[in-house]
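> My questions all concern the structure below.
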Amino acid sequence: LEVAGVEKRFGGLVAVSDFTFSHDEGEVVGLIGPNGAGKTTLFNVISGFYEPEKGHINFDGRDITSMRPDQICKLGLSRTFQVVRPFSQLSVLDNVMVGAYSRTSSDEVARSVAMETLEFLGMTSVAHQTARGLPVAARKRLEIARALATDPTVLLLDEAMAGLRPSEMDQIIEIVRKVGERGIALLIVEHVMKIIMSLAERIMVVHHGVKIADAEPSQVVHDEAVIDAYLGEAGGDA
């Protein structure tokens with residue numbers, strides 16, 4: 001994944017400004033910054049929900065800057081959403097099959113992929129429950145399951161652990177580690193620094209839409225600009 005000089009505006013507000021980075025195969029990268037810094041906007045641009053005013057995005061050697069989200073997904077770039085919204089009337093299995101249909105038109109294949117994905121996430125016991133009845137932690141896992149069922153090579157995780165208790169966070173952390181072990185490249189937005197520090201090989205920091213740091217975790221936490229813009233104001237649990 002290569003993002004070059006991307007800019008996204010909303011009227012007079014510059015949400016993302018001249019953002020450039022590359023994401024290597026299998027790499028786990030964290031994306032942090034204060035609320036409103038532009039993290040989710042960047043995800044929306046990369047995944048095709050917003051088209052940037054400037055810059056371009058290449059994925060696996062193809063220009064995806066103006067592609068629709070479904071086209072980008074079929075190429076192997078998938079994402080989760082900060083606000084989890086499953087198809088509440090459908091079963092957990094059917095929800096995950098929706099993701100699998102991005103790769104196949106066969107009900108049998110989609111069902112097989114969905115069950116394998118639920119097994120990977122430890123969710124087979126709730127496969128036939130309706131998504132509406134799931135607690136928050138299970139909904140978060142379901143969101144990851146739907147994205148994984150699309151068979152991505154790059155997965156964007158947008159606050160997959162927000163609102164969870166510490167024990168539930170630990171479970172998602174282990175799932176994310178297992179996903180990384182599959183060779184899937186991860187770009188992770190998360191506010192809890194200890195989570196990012198434990199998962200990411202490198203961390204990018206965005207402030208007012210601008211990338212102010214891009215380095216290994218140990219370097220980022222000692223960067224003066226990062227401390228002033230983010231860590232200093234938000235504290236260790238930011």
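The values are calculated or read from the model by the stated rules, or taken from the named source; none is laboratory data. On a predicted model such as this, the values are computed, not experimentally measured, just so you know. Because the Cβ atoms are built from the backbone with ideal geometry, glycine has one as well, and the counts that use them run over all protein chains shown. In case anyone asks, the SASA skips ligands and DNA or RNA and just uses the protein heavy atoms, side chains included. Shrake-Rupley method; radii C 1.70, N 1.55, O 1.52, S 1.80 Å.
> Calculate the FRET efficiency for residue 104 and residue 66 from the Cβ-Cβ distance with a Förster distance of 41 Å, rounded to the nearest 0.05.
Numbers: r = 26 Å, r/R0 = 0.63.
About 0.95, to the nearest 0.05.
> Turning to a different aspect of this structure: Using a 1.4 Å probe on the protein chains only, how many percent of the accessible area of segment 53-177 belongs to carbon and sulfur?
So the carbon and sulfur contribution to the accessible surface is 49 percent.
> Over the chain, with the other protein chains present, what is the accessible area per residue in square angstrom, probe 1.4 angstrom?
Solvent-accessible surface per residue comes out at 46 Å².
> A further question follows. What nm distance separates the two modelled labels at residue 13 and residue 49, each placed 7 Å from Cα along Cα→Cβ?
Those two pseudo-labels are separated by 1.5 nm.
> Okay, moving on. Keeping all protein chains in the complex and leaving out DNA, RNA and ligands, what accessible area do you get for residue 105 with a 1.4 Å probe, in Å² to the nearest 10?
For residue 105, the solvent-accessible surface is approximately 110 Å².
> Please enumerate, by chain and number, the aspartates and glutamates with C-alpha under 13 Å from the C-alpha of residue 54, excluding those fewer than 8 residues away in the same chain.
7, 18
> Hey, which of these cross-link pairs are over 25 Å Cα-Cα: 140/211; 8/178; 74/194; 74/178?
The answer is 140/211; 8/178; 74/194.
> Put 9, 79 in order of accessible area, largest first, 1.4 Å probe: what do you get?
Greatest to least solvent exposure: 9, 79.
> Could you compute the net charge surrounding residue 198? Neighbours are other residues with a C-beta less than 12 Å from the C-beta of residue 198; K and R count +1, D and E count -1.
-2
> What number comes out for the charge environment of residue 73, summing +1 per Lys or Arg and -1 per Asp or Glu over other residues with Cβ under 12 Å away?
Around residue 73, the charge tally is +3.
> Let me know the charge dipole size of segment 90-143 about its Cα centre in debye, to the nearest 20, where only the beta-carbon of Lys, Arg (+1) and Asp, Glu (-1) is charged.
260 debye
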